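Right, one structure below, let's go through it.
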Number of protein chains: 2
Amino acid sequence: MQKQIKLINRPAATPTKSDFKLVEAPIGEPSKGELLTRTVYISVDPYLRGRMNEGKSYIPPFELNGIISSGVIGQVVESKSDQFTKGDLVLGSLGWQEYSIANENEVQTIDPNLAPASTYLSVLGMTGLTAYFGFLDIGKPKEGETVVVSGAAGAVGSIVGQIAKIKGCHVVGIAGSDEKVNYLTDELGFDAAINYKTQEVGEALKEACPNGIDVYFENVGGKISDAIFPLLNKFARIPVCGAISSYNNEEPDLGPRVQVHLIKTSSLMQGFTVGNYSSRFEEGAKELARWLGEGKLKYEETITEGFDHTIDAFLDLFKGANLGKALVKVGDIEK
Amino acid sequence: MQKQIKLINRPAATPTKSDFKLVEAPIGEPSKGELLTRTVYISVDPYLRGRMNEGKSYIPPFELNGIISSGVIGQVVESKSDQFTKGDLVLGSLGWQEYSIANENEVQTIDPNLAPASTYLSVLGMTGLTAYFGFLDIGKPKEGETVVVSGAAGAVGSIVGQIAKIKGCHVVGIAGSDEKVNYLTDELGFDAAINYKTQEVGEALKEACPNGIDVYFENVGGKISDAIFPLLNKFARIPVCGAISSYNNEEPDLGPRVQVHLIKTSSLMQGFTVGNYSSRFEEGAKELARWLGEGKLKYEETITEGFDHTIDAFLDLFKGANLGKALVKVGDIEK
């Protein structure tokens, strides 16, 4: 038998433990073309909150009483596929469970000798690619421009800020603790960082961005981003990656309408999801791996140990508890 | 002596007559390289409201106690320039006054034999170019897509909708009276039109846009555009041209934040002003003139007679009184 996590309630507001249920189920047997994998790492991400609602979005909602799924790294226990061997490490969108039966087409092998296995869920995985494509393709940063990143100490934000530094920008991060702010400036080389819990964001931004804002990478929405709009330069770009402050709202999330600011500055605001760039993943992964190898890209992972704490790790995202990528380590990699 | 209109108060909310003053002043004498022109048509436009505020925008604010200016067509009374002759019709950004002294570099001649003089301020002028570039360059309509236009019976909106029909789109207009709604469907060939004063816009849009919305051309902002966001299709485009509902607000204009909608649909929202496209005006004007000549583009002008009514014509814009382009006819063209 193994443990699994099911969604048993669609959360109306901030999810709580009672929306989930830890259940036991048989491990199952792979058929031809399938693998049995043992879960090593589970990725917990803010976007999963959207999938817990009913109604269409860019990916279908989780089924009620179904198993939650996300990016998972597993190790092959038994292979009924020619393409995989016992012991292989694989990456795929798999269930929150200790063992998965995966079709050979829904997973890919990863090489833990090139980079630590967990990085395939963080800096080299969807997280890094989200930062890479959203920032470069929509943000179109130019050397010397001012880039502001919210959720800057989070998984995506911390990579966006570092890519902005690589591109020669003046980079300002917004985060929710002094520890995070120090991490951004001292470890990641941000030019400035703002603690939105203790500072007046509008004033702090004015000081940190004397030349206005050319790119705002949006991870949070809400009041923090409201403070950005009056400081936009002409032809500013706003890749809209996330709006974590809104995900748990029961009521419509009200704020100053943005139209007048966009007109005044001829600015662009564009939502995206990493899936839009799937045809270019190889390009992005290669560039990220190169920067990582050259020491230009640092990453942090907040790893929660033990499958039983997966729900806690997910709920912690909405408390701003994580630095960098949030992962759950379910088991060790066996040699 | 001649009459002029000065801005004597920066309006806090909706402008009123007391914000302006009709004064008398000498007509003046042109120097070398200058012309004396007699005003024929004055363009009154919603964007002028923004210039009545203090503070930077894409064009500088009007000076307090200075003469208002906008697009004007004048007839040359006296020329001290080799490039112009008495009787020529010229177009430029000139003062709200009966006579102007214009430098030869700030005006261009127009040919009233190709199209009526007034069209150089409407369908063939900035208004038409605003519709042309904003809709085609940002909106990127594809045949069969659904296009929604707000302020649809106004100067820009009515042209946007017709270009959308030329491009083979399903076109839905939003306007503020049954007369306007009928004009859009009966005269301009819109597929459907909604009266936002008598209909529930969200419900009416759902019915008029069974396949969702691919392009929303934003002229008004406020509650009307709030109703658009839940209906956006994947990769929708929103050229943000105007937000007339917000221009006169004293308090910040609050509405549902748009980030979550943009993320869910990977949609793009981009502010613009026609000046961004100045290097391509010739291309746009040529295409608009061609469509006009082919009878594919109709236009309406709401013409107020008499210089003394210029302020009224401007204030009427915020009451939704105009159908098509709002102009003031100050004098006749002399043969």
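The values are calculated or read from the model by the stated rules, or taken from the named source; none is laboratory data. Keep in mind that this is a model prediction, so the values were computed, not measured. Don't worry about glycine lacking a Cβ; one is built from the backbone with ideal geometry, like all the others, and counts go over all protein chains shown. We work out accessible area using only protein heavy atoms, side chains counted, and drop any ligands, DNA or RNA first. Shrake-Rupley method; radii C 1.70, N 1.55, O 1.52, S 1.80 Å.
Among the numbered conditions (1) surrounded by fewer than 20 Cβ atoms within 10 Å (Cβ to Cβ); (2) out of contact with any Asp or Glu (no Cβ under 7 Å at 6 or more places or on another chain), the only one that A:Thr109 does not meet is (2).
Set side by side, the residues B:Glu98, B:Glu207 differ, and just one is open to solvent by 10 Å² or more (accessible area, probe 1.4 Å) and outside the structural domain of B:Gly242 (by TED's automatic domain parsing), which is B:Glu98.
Away from chain B (no Cβ under 14 Å), surrounded by fewer than 20 Cβ atoms within 10 Å (Cβ to Cβ) and in contact (Cβ under 8 Å) with a residue 60 or more places away in the chain, is that true of A:Phe307? Answer is no for this residue. Restricting the stretch B:54-76 to residues that are open to solvent by 50 Å² or more (accessible area, probe 1.4 Å) and touching a Leu at 6+ places or on another chain (Cβ under 9 Å) leaves a set whose member that is modelled with the lowest pLDDT is B:Glu54.
A:Asp226 meets the conditions (1) over 19 Å from B:Ser266 (Cβ atoms); (2) open to solvent by 50 Å² or more (accessible area, probe 1.4 Å); (3) of a type in the set (D, E, K, R) in every case but one. The failed one is (2). Go through the residues of the stretch A:31-45 one by one and say whether even a single one is within 14 Å of another protein chain (Cβ to nearest Cβ), free of Cβ contacts under 8 Å to residues at least 24 places away in the same chain, among the charged types (D, E, K, R) and open to solvent by less than 50 Å² (accessible area, probe 1.4 Å). No: the stretch A:31-45 contains no residue that is within 14 Å of another protein chain (Cβ to nearest Cβ), free of Cβ contacts under 8 Å to residues at least 24 places away in the same chain, among the charged types (D, E, K, R) and open to solvent by less than 50 Å² (accessible area, probe 1.4 Å). Those helices (runs of 4 or more DSSP H) of the stretch B:199-276 in which at least 2 residues are farther than 15 Å from A:Leu262 by Cα, aliphatic (A, V, I, L, M) and facing another protein chain (nearest Cβ under 10 Å), considering only elements entirely within it, cover B:259-265.
May I ask you to list the residues in the stretch A:265-282 that are open to solvent by 50 Å² or more (accessible area, probe 1.4 Å) and closer than 20 Å to A:Cys241 by Cα? Scanning the stretch A:265-282 gives A:Ser278, A:Ser279, A:Arg280. For the stretch B:160-178, the set of residues classified as within 20 Å of the chain's Cα centre (by Cα) and over 24 Å from B:Glu294 (Cα atoms) consists of B:Ile174, B:Ala175, B:Gly176, B:Ser177, listed by residue number. Evaluated against (1) open to solvent by 10 Å² or more (accessible area, probe 1.4 Å); (2) part of a helix (DSSP H, G or I); (3) under 14 Å from A:Asp191 (Cβ atoms), A:Gly168 falls short on exactly one condition, (2). Note on the stretch A:116-149: among residues that are acidic (Asp, Glu) and out of contact with any helix residue (DSSP H, G or I) (no Cβ under 8 Å at 6 or more places or on another chain), the one that is most open to solvent (accessible area, probe 1.4 Å) is A:Glu143.
Determine whether A:Phe190 is under 17 Å from the mean Cα position of the chain (by Cα) and open to solvent by less than 20 Å² (accessible area, probe 1.4 Å). So A:Phe190 fails the test.
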